[in-house]
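Here the structure is laid out as structure tokens; the discussion comes afterwards.
The values are calculated or read from the model by the stated rules, or taken from the named source; none is laboratory data. Treat the numbers as computed from the prediction; the structure is a model and nothing was measured. Don't worry about glycine lacking a Cβ; one is built from the backbone with ideal geometry, like all the others, and counts go over all protein chains shown.
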């Protein structure tokens, strides 16, 4: 099993290219199931999760070809052979549930295994199922599979009202509603940029959608969707992660392709901590204004609030802040599993339920640590950049699910980091 060796090496300088958004691409790929015509995605990230979704779509009979070194995905679902998404593939990734809505909308039935993914707390699929029921589908859970059946004549438009803004459920509902007969209104919809990106792609395919980016999305169902070519939006989580690299260990780095609109609430916290962010034609240039960052309090919230997927990385920064910071996790329970690993490096962190208090220390020290999930893995790498000595991060298979070429990107701006191949 591979590990990452990081040696604290001082300030960083240079440019880091930011990839297309993993979470957007994983949502866009199932959109091919809605049409017989080709869908081509450009600016696709080259990640293991994308490969998993590729295998899942291919198992259904879709054609998926990676071009231009994987940055372009050419897809076609003109000859699907099954509407059953098997456990052996779905268990690897939670986003697999997003094939449910498209299969149900186009074919009137689907069987999808209950999904897996990172162990960061309960993330039930009940909202996905209730959304399909609101469109007239009959849902049955048995033998670990969701068995979904549309009424005669296909899905019908309806009102889908979520008790809280769920990104995945909003995406599945949006995908399904494009082919439902009549008008669908999604209330308390998630507002993330990835959902806006999905709506824009579906509109290129012929869908009639209004209100994406707000809490109410209205979809007028159409008879069929066509093909399209769409560029995947910049990954705001990778963007925020690499913005933290110079914040953690000093220097100045430009994150190519970044915009403040993708990470506005995150930028506000960086500013409060003493980190400057300047938007240019190239992207976002980030530099630390002071020798030591200031303590800040962070509460994770749905977009446009502070992203839960940047909480672990932000904690790595605050470990060496001047003062004590309080991080409150309101999206996922059990998402402070990186805290004990950071304490192995000399951090002082107290966790009580969904709240972590970080007491800043002068300096972290390198240590062997273990990644527990995707974002935790990169938070430990960030901590290692600012620590004295060597840090070895094990179980980095999590990392490869969400970050492409992390060693190359950080090495290019002066970090001392390398991958150690497992036996």
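Against the numbered list (1) under 13 Å from residue 7 (Cα atoms); (2) at pLDDT 95 or above, residue 386 comes up short only at (2). Here residue 295 fulfils each of the conditions (1) touching a residue at least 60 places away in the same chain (Cβ under 8 Å); (2) surrounded by fewer than 16 Cβ atoms within 10 Å (Cβ to Cβ); (3) in contact with a helix residue (DSSP H, G or I) (Cβ under 9 Å, 6 or more places away or on another chain) apart from (2).
Considering only residues in region 120-139 that are outside any helix (DSSP H, G or I) and free of Cβ contacts under 8 Å to residues at least 60 places away in the same chain, the one that is surrounded by the most Cβ atoms within 10 Å (Cβ to Cβ) turns out to be 135. For region 13-44, residues that are touching a strand residue (DSSP E or B) at 6+ places or on another chain (Cβ under 7 Å) and surrounded by fewer than 24 Cβ atoms within 10 Å (Cβ to Cβ) total 8.
Could you list all residues from region 292-313 that are closer than 30 Å to residue 213 by Cα and touching a strand residue (DSSP E or B) at 6+ places or on another chain (Cβ under 6 Å)?
Just the residues of region 292-313 that are closer than 30 Å to residue 213 by Cα, to begin with: 296-313.
Across region 292-313, the qualifying residues are 296, 297, 298, 299, 300, 306, 308, 311.
Summed over region 217-230, residues that are out of contact with any helix residue (DSSP H, G or I) (no Cβ under 6 Å at 6 or more places or on another chain), part of a strand (DSSP E or B) and surrounded by 15 or more Cβ atoms within 10 Å (Cβ to Cβ) total 3. Of the candidates 342, 317, 327, the single residue that is under 18 Å from residue 273 (Cα atoms), in contact (Cβ under 8 Å) with a residue 24 or more places away in the chain and part of a helix (DSSP H, G or I) is 317. Residues in region 305-324 that are surrounded by fewer than 21 Cβ atoms within 10 Å (Cβ to Cβ) and either at pLDDT 95 or above or farther than 24 Å from residue 262 by Cα (or both): 305, 321, 322, 323, 324. Scanning region 262-283 for residues that are part of a helix (DSSP H, G or I) and either buried (at least 19 other Cβ atoms within 10 Å of the Cβ) or without any contact (Cβ under 8 Å) to a residue 24 or more places away in the chain (or both) yields 262, 266, 267, 268, 269, 270, 271, 273.
Total residues in region 232-253 satisfying the condition of being buried (at least 23 other Cβ atoms within 10 Å of the Cβ) and assigned to a strand (DSSP E or B): the figure is 2. Residues in region 389-423 that are modelled with pLDDT of 95 or more and on the phi > 0 side of the Ramachandran plot were compared, and the one that is nearest to the chain's Cα centre (by Cα) is 414. Answer yes or no: is there a residue in region 367-377 that is more than 22 Å from residue 266 (Cβ to Cβ), crowded, with 16+ Cβ neighbours inside 10 Å, modelled with pLDDT of 95 or more and out of contact with any helix residue (DSSP H, G or I) (no Cβ under 6 Å at 6 or more places or on another chain). There is at least one residue in region 367-377 that is more than 22 Å from residue 266 (Cβ to Cβ), crowded, with 16+ Cβ neighbours inside 10 Å, modelled with pLDDT of 95 or more and out of contact with any helix residue (DSSP H, G or I) (no Cβ under 6 Å at 6 or more places or on another chain). Would you mind stating whether residue 215 is out of contact with any strand residue (DSSP E or B) (no Cβ under 8 Å at 6 or more places or on another chain) and on the phi < 0 side of the Ramachandran plot? Considered against the rule, which asks whether it is out of contact with any strand residue (DSSP E or B) (no Cβ under 8 Å at 6 or more places or on another chain) and on the phi < 0 side of the Ramachandran plot, residue 215 comes out as no. Residue 214 passes every criterion in (1) touching a residue at least 12 places away in the same chain (Cβ under 8 Å); (2) under 27 Å from residue 186 (Cβ atoms); (3) part of a helix (DSSP H, G or I) apart from (3). Which residue is farthest from residue 180 (Cα to Cα), if the candidates are limited to region 140-165 and must be assigned to a strand (DSSP E or B) and out of contact with any strand residue (DSSP E or B) (no Cβ under 6 Å at 6 or more places or on another chain)? Per the criteria, the residue is 142.
Given the options 382, 364, 399, 327, name the one that is in contact with a strand residue (DSSP E or B) (Cβ under 8 Å, 6 or more places away or on another chain), within 24 Å of residue 15 (Cβ to Cβ) and either surrounded by 20 or more Cβ atoms within 10 Å (Cβ to Cβ) or outside the structural domain of residue 48 (by TED's automatic domain parsing) (or both). Walk me through it before giving the result.
Working: 382 fails: in contact with a strand residue (DSSP E or B) (Cβ under 8 Å, 6 or more places away or on another chain); 364 fails: within 24 Å of residue 15 (Cβ to Cβ); 327 fails: within 24 Å of residue 15 (Cβ to Cβ).
Criteria check complete, one pass: 399.
Taken over region 63-81, the residue count meeting the criterion of being surrounded by 15 or more Cβ atoms within 10 Å (Cβ to Cβ) and within 11 Å of residue 36 (Cβ to Cβ) is 3.
Do we find a residue being more than 26 Å from residue 407 (Cα to Cα) and touching a strand residue (DSSP E or B) at 6+ places or on another chain (Cβ under 7 Å) anywhere in region 256-266? Taking every residue of region 256-266 in turn, at least one turns out to be more than 26 Å from residue 407 (Cα to Cα) and touching a strand residue (DSSP E or B) at 6+ places or on another chain (Cβ under 7 Å).
Once region 166-189 is narrowed to residues that are part of a loop (DSSP other than H, G, I, E, B) and buried (at least 18 other Cβ atoms within 10 Å of the Cβ), the residue that is modelled with the lowest pLDDT is 166.
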